[in-house]
Amino acid sequence: MLADGRLSEESVDMAELVRSIPSNMIVKPGKMKAENAVTVKPFQGGALVRGNRDSLVSMICNIASNCACHSFKKRGEHAMTEVELQVEGGYAVVTVTDNGPGMSPYQLEALKRPFYTTGGTGIGLTEADVTARMHGGSMDISSVPGEGSVFTVRIPLSDFSPKGVNVKGL
C-alpha cells in the first residue's frame, strides 16, 4: 500500500467503486439491514481517477456508514442514505446525502478534527478528509439540523479534457 512513504497509485474507475459501496460497508448487527443501508444512484459511463483504490473505498464507506448510522438512529426504517457519482469540471464528484439529524455549525466545524465524535471513534471522517486531499481533491459538508447532511467529495479525473476524451498519446 505504501511505497517510499507514498500511497501506491493505480487507475481507479470511480463508477465501479461507487457501485461496490453497499457490499463493502460494515454495518453493525441489529442496527440496520446492510442491503437497506445505502442506495447508489445509477451512473452511466466511467470516471477514471489516479489513486489508491483501497483508500478511496475506505473514504466513501466511512462517509456512507456514518450517514446511514445517523439516519437510522433518527428515522428508523425511514432512513435514507444515497450515494451519487457525477462528473463535473474535471472531477469525479461523489455525493452522499442522508436524512439524519443534521449537524449544528459547531458540529460541522469540529467534524474534521481527529477524535471528535458523536458516537464512533472520531477518526473515520478525519481519515476521509485526509484521503480526499491526498488524492488532490476535497471533502465538503453541508447540513441542516433536523433534516440531514450532504457530504461532497471531489477527486480529479485522470486524462481529463474539456470534451471528456482521452487525449494522451494523440
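The values are calculated or read from the model by the stated rules, or taken from the named source; none is laboratory data. Just so it is clear, the structure is predicted and the values come from calculations on it, not from any experiment. Quick reminder, even Gly has a Cβ in these numbers, built from the backbone with ideal geometry, and neighbours come from all protein chains shown. Each accessible area value is taken on the protein alone, full model and side chains, heavy atoms only, with ligands, DNA and RNA left out. Shrake-Rupley method; radii C 1.70, N 1.55, O 1.52, S 1.80 Å.
A straight chain from residue 50 to residue 130 at 0.36 nm per residue would run longer than the Cα-Cα distance by 27.2 nm.
Our estimate of slack between residue 138 and residue 84, defined as 0.36 nm per intervening residue step minus the Cα-Cα distance, is 17.8 nm. For 158, 11, the ranking by accessible surface with the largest value first comes to 11, 158, using a 1.4 Å probe. Annotation: amide H-H contacts under 5 Å for residue 80 (H modelled 1.01 Å from N, sequence separation of 5 or more, or interchain): 99. Residues in segment 14-22 carry Karplus couplings, in order, of 5, 5, 5, 4, 5, 4, 7, 4, x Hz; the curve used is 6.51 cos²θ - 1.76 cosθ + 1.60 with θ = phi - 60°, and Gly or Pro positions show x.
Here each label is just a point 7 Å from Cα along the line to Cβ, and for residue 10 and residue 147 those points are 4.1 nm apart.
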